[in-house]
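See below for the structure under consideration.
The values are calculated or read from the model by the stated rules, or taken from the named source; none is laboratory data. In this text, all values refer to a predicted model and were calculated from it rather than measured experimentally. Don't worry about glycine lacking a Cβ; one is built from the backbone with ideal geometry, like all the others, and counts go over all protein chains shown.
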Amino acid sequence: MNAATIYEHQSLIRFRAEDGFLVVGLLVTKEHRRVQEIAEIPILLQIHGSLGHFLARGTPRLLPHALLDRGFSSFSINTRLASAGQITGQGIFDNTMKDLDAAVSFLIHEGFRKIFVLGYSLGATMVIYWLANRNYPEVKGVILEGSAYSGPDSHKKRYGEYGSSPSYEALYQKAKEVLGSDPYNSANDETIIVYQSRGSTKEPLSDEIFTYKTWWFMQGPEAHAAMAHKHMDKIQLPILLMRGEHDFLVEPWEPGALAGIAQRAGNNHVRSVEIPKARHDCMENSEAMLEEIIRMIQTYA
């Protein structure tokens with residue numbers, strides 16, 4: 001059996017968000033004689049998709065050490081939407097802003113001043129909403145991988161294509177009934193299974209599990225925070241949008257449409273690129289993806 005590669009300077013970091021939620025992150029840095037040297041290097045803050053960093057394949061798991069091999073540091077966090085957050089009820093999409101705030105505050109406290117943020121899949125939608133409502137001088141640019149134009153609209157379309165049970169409309173009506181007039185503060189919530197929401201078969205991988213409240217704020221028709229197109233015009237940082245050539249979740253027009261919104265709002269530092277031979281996870285063509293990320297960092301650091 002081959003020995004696993006152990007990177008000396010990787011640390012599991014635990015810190016609290018504003019409301020007390022425990023955030024866990026993996027900090028990966030190169031070896032340096034002085035702590036100040038580490039902080040002078042650009043660092044990539046990586047925000048996961050629906051599974052979380054330590055369970056997912058592809059970008060969340062592989063990118064940190066691929067960047068390290070090229071001389072860059074990274075900090076990968078699990079927000080409250082990672083793993084079981086949408087099942088336990090703690091994964092309210094709007095509240096992920098607190099987790100990103102805490103992560104950036106941690107990096108700034110540690111001395112990092114050249115922070116780039118990468119959001120993958122659902123994480124891209126989190127990052128868009130967060131940056132539309134925040135301004136940190138230490139954050140120099142944002143990379144959006146596999147970003148949907150509108151998460152709720154994408155899911156509604158998918159529910160219809162696969163014949164979900166319950167249907168999108170029926171689920172919305174039931175959620176309104178359970179959560180009442182103030183869904184965020186509602187004391188009522190229940191766990192639900194949406195069959196055939198991700199595929200056309202009866203197999204478990206075609207299904208999703210939520211609570212009514214987590215579904216409401218992530219996929220429901222009133223989940224305005226998860227509608228990326230409503231927030232792109234507020235981001236004035238340099239933006240790189242990446243989509244895999246064969247992405248089966250994000251349609252070809254979506255990154256360009258998001259880029260156009262930012263450009264029409266006056267952002268002159270927006271690029272939208274297609275990563276050849278990749279699907280939703282652009283690390284399927286790691287060299288092309290890394291080339292785009294490093295170009296972004298070197299241009300704006």
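Numbers at a glance
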{"quantity": "Restricting the stretch 279-293 to residues that are assigned to a helix (DSSP H, G or I) and not hydrophobic (A, V, I, L, M, F, W, C), the residue that is surrounded by the fewest Cβ atoms within 10 Å (Cβ to Cβ)", "calculated": "287"}
{"quantity": "Test result for residue 138, without any contact (Cβ under 8 Å) to a residue 60 or more places away in the chain, assigned by TED's automatic domain parsing to the domain that holds residue 271 and surrounded by fewer than 24 Cβ atoms within 10 Å (Cβ to Cβ)", "calculated": "yes"}
{"quantity": "Hits in the stretch 176-211 - residues which are of a type in the set (A, V, I, L, M, F, W, C) and either surrounded by 15 or more Cβ atoms within 10 Å (Cβ to Cβ) or in contact with a strand residue (DSSP E or B) (Cβ under 8 Å, 6 or more places away or on another chain) (or both)", "calculated": "178, 179, 192, 193, 194, 209, 210"}
{"quantity": "In the stretch 193-207, residue farthest from residue 88 (Cα to Cα) [restricted to those that are free of Cβ contacts under 8 Å to residues at least 24 places away in the same chain and either in contact with a helix residue (DSSP H, G or I) (Cβ under 9 Å, 6 or more places away or on another chain) or among the β-branched types (Val, Ile, Thr) (or both)]", "calculated": "201"}
{"quantity": "Residue 70 vs. criteria within 28 Å of residue 280 (Cβ to Cβ) and either among the polar types (S, T, N, Q) or at pLDDT below 85 (or both)", "calculated": "no"}
{"quantity": "Residue within the stretch 155-165 that is in the same structural domain as residue 76 (by TED's automatic domain parsing), assigned to a loop (DSSP other than H, G, I, E, B) and touching a helix residue (DSSP H, G or I) at 6+ places or on another chain (Cβ under 9 Å) present", "calculated": "no"}
{"quantity": "Within the stretch 212-230, considering residues that are under 15 Å from the mean Cα position of the chain (by Cα) and assigned to a loop (DSSP other than H, G, I, E, B), the one farthest from residue 129 (Cα to Cα)", "calculated": "219"}
{"quantity": "Only listed residue being at pLDDT below 90, farther than 21 Å from residue 140 by Cα and surrounded by 22 or more Cβ atoms within 10 Å (Cβ to Cβ), chosen from 89, 49", "calculated": "49"}
{"quantity": "Test: residue in the stretch 98-105 that is modelled with pLDDT of 85 or more, among the hydroxyl-bearing types (Ser, Thr, Tyr) and either over 10 Å from the mean Cα position of the chain (by Cα) or assigned by TED's automatic domain parsing to the domain that holds residue 272 (or both)", "calculated": "yes"}
{"quantity": "Qualifying residues in the stretch 245-292 (those that are touching a helix residue (DSSP H, G or I) at 6+ places or on another chain (Cβ under 9 Å) and among the basic types (Lys, Arg)) - the one nearest to residue 47 (Cα to Cα)", "calculated": "271"}
{"quantity": "The stretch 249-278 - residue that is under 17 Å from the mean Cα position of the chain (by Cα) and in a loop (DSSP other than H, G, I, E, B) and, of those, surrounded by the fewest Cβ atoms within 10 Å (Cβ to Cβ)", "calculated": "249"}
{"quantity": "Selection within the stretch 19-46 - of a type in the set (D, E, K, R) and modelled with pLDDT of 90 or more", "calculated": "19"}
{"quantity": "Residues that are out of contact with any Ser or Thr (no Cβ under 9 Å at 6 or more places or on another chain) and farther than 17 Å from residue 151 by Cα, drawn from the stretch 84-96", "calculated": "84"}
{"quantity": "Matching residues in the stretch 92-106 - criterion: being over 13 Å from residue 45 (Cα atoms) and surrounded by fewer than 23 Cβ atoms within 10 Å (Cβ to Cβ)", "calculated": "92, 94, 95, 97, 98"}
{"quantity": "Residue check for residue 168: farther than 23 Å from residue 233 by Cβ and either crowded, with 19+ Cβ neighbours inside 10 Å or in contact with a strand residue (DSSP E or B) (Cβ under 6 Å, 6 or more places away or on another chain) (or both)", "calculated": "yes"}
{"quantity": "Residue in the stretch 110-123 that is surrounded by fewer than 21 Cβ atoms within 10 Å (Cβ to Cβ), within 15 Å of residue 75 (Cα to Cα) and among the small types (Gly, Ala, Ser) present", "calculated": "yes"}
